[in-house]
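The values are calculated or read from the model by the stated rules, or taken from the named source; none is laboratory data. On a predicted model such as this, the values are computed, not experimentally measured, just so you know. Every residue, glycine as well, gets a Cβ built from its backbone with ideal geometry; the counts of neighbours run over all protein chains shown. Accessible surface is based on the protein model in full, side chains and every heavy atom, while ligands, DNA and RNA are left aside. Shrake-Rupley method; radii C 1.70, N 1.55, O 1.52, S 1.80 Å.
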Amino acid sequence: MITTPQDASKTLFQSPTVELGRFDLPVSAPRFAAVDATRCHVVVFPRSSVWICPEREAAYVAHPATVCFYNGRQPYSRRAIEASGECCDWLAVDDETLHSMMGLTRIRPTPFRRTHAPMDGRSSILQRAIVRQALEEPEVDVLRVEQACLDILEQVVGLAARPRLERLSSMDRIDLSAAVEETCARLVAAGPQQQWSLSSLAAEVALSPYQLSRAFRRFSGASLPRWCAAIKVFKSIDLVFERPGDLAAVAEAVGFATNSSFTTCFRRILGIPPSAILRQMKSLPALR
């Protein structure tokens, strides 16, 4: 999927229709700051937070509550937020299947009109479960994994076909979209234990609290508190898979004060409690 650097990208499952992989590039890697490109159109599911700077597009923060869209061979670069660098899973399908999913009647060199969008909870759980299966099981049911991958892509690629949101009215010529992305980066870099106020965040990006609150909801699709909660919950999914018997430790690791508050927030964001995530995985027809 990623053309560079060596060993950063690994294909976990491949068929004539679908390719599923994992990408891990730490900040310490010599090529982290280099310009990269994908060899085909790819849908990416971040596991860490990182600045992505596509050529001729606005830079944005890729994080675990987003899904990202890369047009094939479009150059992009990265900037670090977390020490883990860029960690993500990715899915790709053949051009005909992708364009059909997006309702496009002809093959286009750049079918994705947006660079990223909010990720929905069910698709995220299914996507993480499929990756875990591909990593842990020596043999998989090809037909079922293909169908699961297509189900996920069908849910998310429609977002990439929609036109980008129009900007808000200019406020003293401030680039509000960039201010929102910078706020996201500061929230992630500070870590889940950091306590923020709206006024302190607004001061960091030279906006009034009202301007930031309004712009954040407009450009991210969520209020600041809900966005912060979603980041914690989406980051917890892999930990719940890994440590299903120790939810208190998972809650603490992602920044919740109590197991109860974690469970409540997890259910609100993803629709099921964390204790049910393994049962949910087993019930998915793609996996059994």
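Mind listing whichever residues of region 124-139 are more than 14 Å from V233 (Cβ to Cβ) and either under 17 Å from the mean Cα position of the chain (by Cα) or not in a loop (DSSP other than H, G, I, E, B) (or both)? Reasoning before the result, please.
Filtering region 124-139 down to residues more than 14 Å from V233 (Cβ to Cβ) leaves 126-127, 129-139.
Within region 124-139, L126, Q127, A129, I130, V131, R132, Q133, A134, L135, E136 meet the criteria.
What residue, of L104, L159, is assigned to a helix (DSSP H, G or I) and either in contact (Cβ under 8 Å) with a residue 40 or more places away in the chain or of a type in the set (A, V, I, L, M) (or both)? Before you say what the answer is, go through the steps one by one.
Numbers: L104 fails: assigned to a helix (DSSP H, G or I).
Only one candidate passes the filter, namely L159.
Condition test on E82, is it modelled with pLDDT under 95, under 17 Å from A8 (Cβ atoms) and assigned to a loop (DSSP other than H, G, I, E, B)?
On the way: modelled with pLDDT under 95: yes; under 17 Å from A8 (Cβ atoms): yes; assigned to a loop (DSSP other than H, G, I, E, B): yes.
So E82 fits the description; yes.
Quick one: which residue in L278, L212, L239 is out of contact with any strand residue (DSSP E or B) (no Cβ under 6 Å at 6 or more places or on another chain), at pLDDT below 90 and under 30 Å from L143 (Cα atoms)? Break it down into steps so the answer makes sense when it comes.
Values: L212 fails: under 30 Å from L143 (Cα atoms); L239 fails: at pLDDT below 90.
The unique qualifying residue is L278.
Find the residue count for region 85-113, including only residues that are closer than 25 Å to E181 by Cα, modelled with pLDDT of 90 or more and either open to solvent by 40 Å² or more (accessible area, probe 1.4 Å) or among the β-branched types (V, I, T) (or both).
Number satisfying all stated conditions: 0.
If a residue must be in a strand (DSSP E or B) and touching a Pro at 6+ places or on another chain (Cβ under 6 Å), how many such residues does region 19-65 contain? Walk me through how you get there before you give the answer.
Here is the first cut: in region 19-65, the residues in a strand (DSSP E or B) are 19-25, 36, 38, 42-46, 50-54, 60-62.
Imposing the further condition that a residue be touching a Pro at 6+ places or on another chain (Cβ under 6 Å) reduces the set to 46, 62.
Summing the residues that are in a strand (DSSP E or B) and touching a Pro at 6+ places or on another chain (Cβ under 6 Å) in region 19-65 gives 2.
Determine, yes or no, whether G191 is on the phi > 0 side of the Ramachandran plot, modelled with pLDDT under 85 and touching a strand residue (DSSP E or B) at 6+ places or on another chain (Cβ under 9 Å). So that I can check it myself, show each step before the final result.
Values: on the phi > 0 side of the Ramachandran plot: yes; modelled with pLDDT under 85: yes; touching a strand residue (DSSP E or B) at 6+ places or on another chain (Cβ under 9 Å): no.
The answer is no for G191.
Would you confirm, using the coordinates I've provided, whether R167 is at pLDDT below 75 and open to solvent by 50 Å² or more (accessible area, probe 1.4 Å)? Break it down stepwise before answering.
Numbers: at pLDDT below 75: yes; open to solvent by 50 Å² or more (accessible area, probe 1.4 Å): yes.
Yes: the conditions hold for R167.
Only residues in region 214-239 that are closer than 18 Å to W196 by Cα count as the first member; pair them with residues that are among the small types (G, A, S), Cβ under 6 angstrom, at least 6 apart or cross-chain, and list the lot.
Qualifying pairs under 6 Å: R217/S223; W227/S220; A230/A65; I231/A65; K232/G255.
Closer than 20 Å to D238 by Cα, of a type outside the set (A, V, I, L, M) and either surrounded by 16 or more Cβ atoms within 10 Å (Cβ to Cβ) or under 18 Å from the mean Cα position of the chain (by Cα) (or both) - does that describe any residue in region 26-42?
yes
Among residues belonging to region 56-82 that are touching a Ser or Thr at 6+ places or on another chain (Cβ under 8 Å) and free of Cβ contacts under 8 Å to residues at least 60 places away in the same chain, point out the one that is most open to solvent (accessible area, probe 1.4 Å).
The selected residue is R73.
Do any helices (runs of 4 or more DSSP H) entirely within region 178-283 hold 3 or more residues that are closer than 24 Å to A83 by Cβ and either open to solvent by 50 Å² or more (accessible area, probe 1.4 Å) or acidic (D, E) (or both), and if so, which?
On the way: elements: 198-204, 209-220, 224-242, 247-253, 259-270, 277-283.
The helices (runs of 4 or more DSSP H) meeting that bar are 224-242.
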